[in-house]
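Rule-based calculations on the coordinates, nothing more; no lab input. Bear in mind the structure is a predicted one, so any value in this text is a computation, not a measurement. Ideal geometry is used to build each Cβ from the backbone, glycine not excepted, and the neighbour counts take in all protein chains shown.
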Amino acid sequence: MRHRFLAYAFFASLLVGSGVFARAPLENIPLKWAPTSTLAEWGAVDLSGATITTKIHFDAFVDTRQNPTLVAENREHPDKVMSVTTSSDVAAFVADHLQESLHGAGLNIVDGAADVNITGEIRKFFVNEVSTYNGEIAVLIHVKDNAGKELWTGVITGDATRWGRSYKAENYYEAMSNMVLSATYNLLNNAGFREALAKH
């Protein structure tokens, strides 16, 4: 019996060494909206006046990152960094959920003619996993009136930290979703953005 156990152990070590039990790389995964928090958990937001009556339309966002497919890395072992890439359009993912979250907060998001139009440039969208999942987002936001005049522009950031099992897509999704919510909260509390909505 002992010899059989040792044989099994030896065979298992060969499998591990050959990579049979290695984790499958997270390549070209579709992004999923999986927030573990709500916008209200970041704190109260004073929404009144033009902030909620102004009609807001979102135009397409663009992704200006050097590598649009790279969204995360596992760096628990510096000599073996594991990347996470996506097949999704990151700019569309951010724009869709930013406007969805703003609408949920009470802003008047419309599909047609609007008082102001919002566009954005994705400057950063990345989750760095070491002992925790640490996500960061940075979006350059442009707010223009319906004649195309720039009313305000500024960089909005957001972050998120999550615990979880190593190199799991679900944990990356949670961090990415929470960092978009964090950016939404920061945009709502930005004085320049709020003033732009009142200027139209």
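Return the subset of LYS55/LYS124; LYS80/LYS168; LYS32/LYS168 for which the Cα-Cα distance in this structure is over 21 Å, preserving the input order.
Check vs 21 Å cut-off fails for LYS55/LYS124.
Rounded to the nearest Hz, the phi-derived 3J(HN,Hα) couplings of region 185-192 under the Karplus curve 6.51 cos²θ - 1.76 cosθ + 1.60 (θ = phi - 60°) are 4, 5, 5, 4, 8, 7, 4, x, where x marks glycine and proline. Cβ crowding within 10 Å, taken as a proxy for footprinting-reagent exposure, orders MET82, MET176 from fewest neighbours to most as MET82, MET176.
In terms of Cα atoms, the Rg and Dmax of the chain work out to 21.6, 83 Å. Based on alpha carbons, the Rg and Dmax found for region 122-200 are 15.5, 50 Å. Restriction of the chymotrypsin sites (Phe, Trp or Tyr not before Pro) in region 81-174 to DSSP coil positions whose beta-carbon has at most 16 other beta-carbons within 10 angstrom yields TRP163.
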